[in-house]
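So the structure is just underneath, and the comments pick up after that.
The values are calculated or read from the model by the stated rules, or taken from the named source; none is laboratory data. Remember, predicted model here, so these are calculated numbers, not experimental data. Heads up, the Cβs are rebuilt from the backbone with ideal geometry, glycines too, and the neighbour counts pull from every protein chain shown.
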Amino acid sequence: MSSAGGERAGDGVALVTVTHDSEAELGALLDSVGRHLPGARVVVADSASSDGSVARARAWEGGAELLELGENVGFGRASNAGVRLVREPVTVLLNPDVELLDGSLAELARELMRPGLPERILAPLVLLADGSRQDSAHPEPATPPLLLSALLPPSALTPRLRAALEPWRSEQPRRVGWAVGCCLAARTETLLRLGPFDESVFLYAEDLELGLRAADAGVQTWFWPSARVLHKGAHSSSRAFGGEPFELLARRRRAVVGERRGPLRARLDDLQQLVTFCDRIALKTLLRRPAERERRQLEALRRSRRS
């Protein structure tokens with residue numbers, strides 16, 4: 001879509017994505033960018049794909065900039081390398097298994113560049129394939145409201161408290177502690193100053209660490225539901241681990257919370273998660289609904305604590 005001045009949706013925006021055997025997902029992402037954000041530049045940082053990811057990036061008619069890293073360096077390092085190639089004022093970090101549903105990421109860019117406002121990281125509403133919302137924006141770990149929520153089901157909370165505990169349900173912009181890294185937007189200069197990701201982390205909890213570290217640096221994270229994307233699911237972890245690697249996720253979360261907020265907060269966060277999983281198992285058992293996922297999460301958390 002072009003305006004009278006010749007500008008296209010997405011002008012001044014760069015999209016950075018990391019691929020590792022992501023050919024099909026990347027193709028769908030690039031097609032959606034061509035439809036909804038034709039003015040955006042796309043940077044593809046490829047971590048030694050063995051499929052057609054590189055060829056798909058090269059063949060895209062929109063002209064993606066390809067960075068071949070030659071080895072699987074991990075999500076954080078690959079993302080950071082991609083951001084360093086960006087010349088546009090706004091960068092959107094997004095997974096290859098994300099698709100654009102409209103031009104609303106351009107709205108995030110305009111919001112980020114409004115004069116007189118502080119640096120922020122903005123996270124859009126994330127929809128799953130079935131149309132439901134992904135729980136993509138969260139308060140800081142081990143804060144008092146989250147500890148309360150572990151003891152009470154969300155339906156028992158007041159609307160105001162539930163919105164604070166589950167900001168991803170909000171219809172209005174809300175400040176959050178951190179947001180899932182499948183799609184995050186910020187000024188490019190902000191991301192370059194932050195890193196954005198910790199390169200010592202190969203995989204998992206990079207987004208949590210970024211949110212906590214950004215807050216310490218005075219950069220707020222906001223959930224911005226008027227912008228939206230589709231997230232089709234963790235394709236890389238499913239292939240690498242045969243499903244959700246709950247124990248690794250638990251270890252990485254504990255490490256990040258301990259490093260950024262201290263060992264006491266890490267222990268409180270463990271406790272909050274243990275109580276939450278137990279409550280969910282009990283409730284689902286009472287309702288005669290399957291609770292296998294929660295049982296696996298609980299056992300993985302216990303194993304990670306023992307190790």
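Yes or no: the stretch 215-226 includes at least one residue that is within 17 Å of Gly74 (Cα to Cα), outside any helix (DSSP H, G or I) and either of a type in the set (Gly, Ala, Ser) or touching an Asp or Glu at 6+ places or on another chain (Cβ under 7 Å) (or both). Checked the stretch 215-226: no residue is within 17 Å of Gly74 (Cα to Cα), outside any helix (DSSP H, G or I) and either of a type in the set (Gly, Ala, Ser) or touching an Asp or Glu at 6+ places or on another chain (Cβ under 7 Å) (or both). Does Ala250 satisfy being touching a residue at least 24 places away in the same chain (Cβ under 8 Å), surrounded by 18 or more Cβ atoms within 10 Å (Cβ to Cβ) and assigned to a helix (DSSP H, G or I)? So Ala250 fits the description; yes. Filtered by the rule that a residue be crowded, with 18+ Cβ neighbours inside 10 Å and assigned to a loop (DSSP other than H, G, I, E, B), the stretch 112-137 gives a lone residue, Ser136. Number of residues in the stretch 138-192 that are touching a helix residue (DSSP H, G or I) at 6+ places or on another chain (Cβ under 9 Å), of a type in the set (D, E, K, R) and either within 20 Å of Val256 (Cα to Cα) or part of a helix (DSSP H, G or I) (or both) equals 3.
The residue pairs whose first member lies in the stretch 20-36 and is within 15 Å of Gly233 (Cα to Cα), whose second member is assigned to a helix (DSSP H, G or I) and modelled with pLDDT under 95, and whose beta carbons are closer than 7 Å, counting only pairs six or more residues apart or on different chains, are His20/Ser236; Asp21/Arg239; Ser22/His235; Glu25/His235. Arg239 meets each of the listed conditions (1) at pLDDT below 90; (2) part of a loop (DSSP other than H, G, I, E, B); (3) of a type in the set (Lys, Arg) apart from (2). Select from the stretch 70-96 the residues that are assigned to a loop (DSSP other than H, G, I, E, B), hydrophobic (A, V, I, L, M, F, W, C) and either modelled with pLDDT of 95 or more or not assigned by TED's automatic domain parsing to the domain that holds Val44 (or both) and list them in ascending order. Within the stretch 70-96, Leu85, Val86 qualify.
Please specify each residue of the stretch 40-63 satisfying the condition of being within 18 Å of Ala9 (Cα to Cα) and surrounded by 21 or more Cβ atoms within 10 Å (Cβ to Cβ). Within the stretch 40-63, Ala40, Arg41, Val42, Val43 qualify. Return yes when Arg35 is outside any loop (DSSP other than H, G, I, E, B), more than 22 Å from the chain's Cα centre (by Cα) and closer than 21 Å to Arg8 by Cα and no when it is not. When the stated conditions are applied, Arg35 passes them.
Restricting attention to the stretch 182-200 and to residues that are surrounded by fewer than 24 Cβ atoms within 10 Å (Cβ to Cβ) and under 15 Å from the mean Cα position of the chain (by Cα), the residue that is modelled with the lowest pLDDT turns out to be Asp198. If you go through the stretch 131-141 one residue at a time, do you hit one that is out of contact with any Gly (no Cβ under 8 Å at 6 or more places or on another chain) and either acidic (Asp, Glu) or closer than 21 Å to Gly12 by Cα (or both)? Looking for residues that are out of contact with any Gly (no Cβ under 8 Å at 6 or more places or on another chain) and either acidic (Asp, Glu) or closer than 21 Å to Gly12 by Cα (or both), one finds at least one in the stretch 131-141, hence yes. When the residues of the stretch 151-174 are filtered to those that are hydrophobic (A, V, I, L, M, F, W, C) and either closer than 24 Å to Arg213 by Cβ or surrounded by fewer than 17 Cβ atoms within 10 Å (Cβ to Cβ) (or both), the one that is modelled with the highest pLDDT is Trp168.
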